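Here the structure is laid out as structure tokens; the discussion comes afterwards.
The values are calculated or read from the model by the stated rules, or taken from the named source; none is laboratory data. The shown structure was predicted, so the numbers you read here are calculated from the model rather than taken from an experiment. All Cβ positions, glycine included, derive from the backbone under ideal geometry; neighbour counts span all protein chains shown. Only protein heavy atoms, including side chains, enter the accessible area calculation; ligands, DNA and RNA are left aside. Shrake-Rupley method; radii C 1.70, N 1.55, O 1.52, S 1.80 Å.
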Amino acid sequence: ADFSLTPSQPDTPDPIRLSGLSQWLRAYIDAALLDAKTNPLYADFAQVATDPTWNGFLVLKADVAELPPQLGGLMAGIDETQLYAHHFGATVTPVKAGTNGPEVGLSSLFGLIDYQLPAYRANVASGGGLDVPIALPTSGDYGFSVLQLQALFRNAALVDFRSRIQLTVNRLFGAPTTAAYGETGIAPATAVVLRGSYQSQGGKDAYVFEQDATTLFTLDDAVLPAVAAGRLQFDTLGETGSGDTATTASRFLIWGDLDFAALPDNQKAPFDVLSFGSPPGTEPAKLGSGLSFSNLKINMTFPTATPHATTFAFDSSGLAFDLATSSPRPGSAFESLELQVDSFLTAPAGKRPTDFGYLSVSSALSLASFDGPWYGVVYKLTLGSPGALVAKAGFDSHLLVGWAPASASSAAGAAGMVPVALGIALPGAAPGAKLLSLQGVLKLSIGSISLIRQTVVGHDDKEAFVLRLRNVGLTFLGIAKLPPGATIDFFLFGALEAGGSLGWYAAYRKDQAQEVVALAPQAEPAQLEAPR
């Protein structure tokens with residue numbers, strides 16, 4: 001009674017109030033002793049609580065004032081009403097009589113933080129895996145929760161740190177996620193769990209949150225049906241501002257693969273312009289091959305004073321690719337035209353390929369319109385060796401394959417229509433222009449550009465992608481077109497068998513008579529028959 005503070009209850013005698021406190025203490029300690037049988041984090045507490053010779057002090061269920069700065073981002077996913085230290089305390093400092101006075105020993109401070117989300121604790125207790133995500137309510141495209149945060153201290157030092165956080169993904173590249181597959185099959189939620197660990201190097205503390213087991217997200221998207229996240233990392237970037245305006249920023253970094261669909265043309269034949277992905281007909285759980293990427297970000301910010309007012313932002317602007325680990329499909333445009341992956345384009349709503357300097361390229365795809373944000377893979381297309389023809393420019397163009405998210409189950413998707421846009425930026429030309437500068441005096445003009453598939457005669461009737469430039473001619477000082485009264489079409493194609501090379505094919509038509517000329521052959525001219 002002398003050392004206990006109990007709630008002020010005028011109508012309740014002290015003995016009854018103290019009895020309630022005693023029952024709480026015994027139940028709290030008994031629960032910890034029970035946990036100690038299966039959880040080594042409670043071993044130190046069990047030893048202290050059951051040693052009749054121990055002297056010191058214990059503080060139970062203590063408030064946690066703040067987390068280390070490196071863990072500040074976790075506050076967005078923590079239920080603060082459940083965040084407390086199970087205990088902390090110190091063994092009484094031993095004092096011995098010495099020849100020159102008392103000799104004071106070292107105090108032994110110890111403690112344990114054991115935060116576990118009740119739903120996660122129940123799932124693990126029922127046999128669920130430690131790294132299996134759980135279904136949690138989210139109100140937007142993303143959700144963040146701290147499932148577990150455990151820290152054990154001995155002698156005032158952190159000796160054991162365990163944490164698991166969950167990122168819930170309801171949307172990727174603008175398309176809704178339909179399922180998530182992990183090592184044990186389909187997951188209970190479209191989410192991934194990252195493990196936290198503590199490292200100390202050179203006197204500096206570091207908390208690392210990562211996951212290196214692949215999680216496959218399937219999407220309701222006609223163009224990008226799956227994204228495989230092979231590795232994820234969570235970082236707290238720090239706090240900016242001060243006082244009520246302080247903001248804490250964190251981010252998720254993702255490495256993985258974009259699994260694009262093998263798009264059909266308007267005759268339901270393969271027209272695989274995006275080139276990277278699983279073979280057609282692959283079941284959802286086995287998707288995940290494709291274009292390997294890195295530096296995909298999901299940024300998370302919140303006011304430091306109100307951590308649950310969280311804002312997420314999907315950021316694909318810095319996406320980079322690794323062809324060495326990518327999976328192009330046989331017969332795709334990437335292989336046919338010897339393309340190189342150059343960059344990734346993220347476009348806001350209202351922008352079109354022409355706004356980024358790309359000319360429209362027609363194709364046999366059944367196109368659906370789109371108005372919102374869209375994305376694009378930019379390929380580098382080598383047009384050959386022009387010598388000194390092109391002024392101050394290499395003879396390389398850039399082919400854009402842009403797409404917008406669209407449901408595969410929509411009316412347009414069911415009809416085989418896809419929200420895809422093809423564009424090309426020509427070398428030596430102003431952005432969006434069809435004129436190439438030759439020595440600054442002559443201009444090479446192009447009427448239209450299309451990407452087609454043609455049957456290759458003499459090669460078992462295989463089909464290959466061909467870039468066709470129609471109505472090509474020279475203009476001198478912008479006045480006369482050369483040759484007059486004639487039409488020239490150019491065809492760019494790749495070598496089917498040798499690989500690594502491209503060839504030009506030209507068709508020259510004048511006065512109803514057709515003459516075929518091969519220009520700068522870098523592949524066998526016989527690979528394509530003369531256009532009819």
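Tabulated data
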{"quantity": "Close pairs (7 angstrom Cβ cut-off, 6 or more residues apart or separate chains): closer than 17 Å to Val124 by Cβ and open to solvent by 50 Å² or more (accessible area, probe 1.4 Å) in segment 26-38, modelled with pLDDT of 95 or more and assigned to a helix (DSSP H, G or I) anywhere", "calculated": "Asp35/Tyr42"}
{"quantity": "Residues satisfying the stated conditions in segment 231-288, i.e. surrounded by fewer than 18 Cβ atoms within 10 Å (Cβ to Cβ), β-branched (Val, Ile, Thr) and not in a helix (DSSP H, G or I)", "calculated": "Thr240, Thr247, Thr282"}
{"quantity": "Residue pairs meeting the criteria (Cβ under 6 Å; at least 6 apart or on separate chains; first under 16 Å from Leu67 (Cβ atoms), in segment 157-168; second assigned to a strand (DSSP E or B) and open to solvent by 30 Å² or more (accessible area, probe 1.4 Å))", "calculated": "Phe161/Tyr198; Arg164/Arg195"}
{"quantity": "Hits in segment 26-44 (condition: part of a helix (DSSP H, G or I) and either farther than 24 Å from Glu80 by Cα or over 42 Å from the mean Cα position of the chain (by Cα) (or both))", "calculated": "Arg26, Ala27, Tyr28, Ile29, Asp30, Leu33, Leu34, Ala36, Pro40, Ala43, Asp44"}
{"quantity": "Listing of strands (runs of 3 or more DSSP E) fully contained in segment 128-206 that carry 1 or more residues being modelled with pLDDT under 95 and loosely packed, with under 13 Cβ neighbours inside 10 Å", "calculated": "157-169, 191-201"}
{"quantity": "Options Ala364, Ala313; residue that is surrounded by fewer than 17 Cβ atoms within 10 Å (Cβ to Cβ), part of a strand (DSSP E or B) and not polar (S, T, N, Q)", "calculated": "Ala313"}
{"quantity": "Residue check for Phe209: assigned to a strand (DSSP E or B), more than 30 Å from Pro68 (Cβ to Cβ) and free of Cβ contacts under 8 Å to residues at least 60 places away in the same chain", "calculated": "no"}
{"quantity": "Test for Ala269: is it under 15 Å from Pro330 (Cα atoms) and modelled with pLDDT under 95", "calculated": "yes"}
{"quantity": "Of residues in segment 367-403 being at pLDDT 85 or above and in a loop (DSSP other than H, G, I, E, B), the one most open to solvent (accessible area, probe 1.4 Å)", "calculated": "Pro373"}
